[in-house]
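Worksheet: one structure, shown below.
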Amino acid sequence: MWQEAVDGIGHMAYLTDASWNLLAHNRHFADMHPGRRVPANTLRWMLLDREARGTSLVDWDTVWAPLVLPQLRAALAARPEDATLRRIEREVRADPALGPMWEACGAHIHPDGDERPLHHALHGPGHVSICAAQPLTAPGARLIIMLFRPGPRKSHPRVPMLRAAGPGDTGG
């Protein structure tokens, strides 16, 4: 059911379990990766994959890693016995670039509303706006939809919180 739902999304989209293992993805997500090689674990890919750090994830050391590391910390707090997350944590601590960042990482715990620079394998340099949701029947799972736009980003790194306008609210 989820694969069919993800396939119907017109932007890059994928679904992970609580350990960030890829459960489903669409062709747009595969197209983003060189050779259409999708990662088995998206958290590990964003943090530890050398090719991603050098090509796809633009400004990896200043934009991607500092925003993803706190998500690993939050996932570990929620699931301290998760073997996959603990293995990623060990690799992060041992990595010369990530180890110091791990010790200093902040409190950014989810990507919903973020905009990040990305080099798309087919469309070149641009940025993605990230929409994140959690399937109700799978605690810790995430549905990520990434809206790719070529060229430099035109808004702030994080968009305001999604909410409906109330009576008398001008939306500003």
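The values are calculated or read from the model by the stated rules, or taken from the named source; none is laboratory data. Remember, predicted model here, so these are calculated numbers, not experimental data. Backbone-built Cβ (ideal geometry, glycine too); neighbour counts: all protein chains shown. The protein model used for the area step is the full one, side chains on, heavy atoms only, and it has no ligands, DNA or RNA in it. Shrake-Rupley method; radii C 1.70, N 1.55, O 1.52, S 1.80 Å.
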Report the residue count in region 23-37 for those that are open to solvent by 10 Å² or more (accessible area, probe 1.4 Å) and closer than 19 Å to residue 131 by Cα. 5
Hits in region 82-112 (condition: in contact with a helix residue (DSSP H, G or I) (Cβ under 7 Å, 6 or more places away or on another chain), aliphatic (A, V, I, L, M) and at pLDDT 90 or above): 85, 88, 92, 97, 98, 101
Complete set of residues in region 76-89 that are of a type outside the set (Lys, Arg) and either over 13 Å from residue 44 (Cα atoms) or more than 16 Å from the chain's Cα centre (by Cα) (or both): 76, 77, 78, 80, 81, 82, 83, 84, 89
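For every residue, the table says whether it meets (1) on the phi > 0 side of the Ramachandran plot; (2) touching a Leu at 6+ places or on another chain (Cβ under 9 Å); (3) open to solvent by 30 Å² or more (accessible area, probe 1.4 Å).
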| residue | (1), (2), (3) |
| --- | --- |
| 12 | no, yes, no |
| 20 | yes, yes, no |
| 42 | no, yes, no |
| 54 | no, no, yes |
| 102 | no, yes, no |
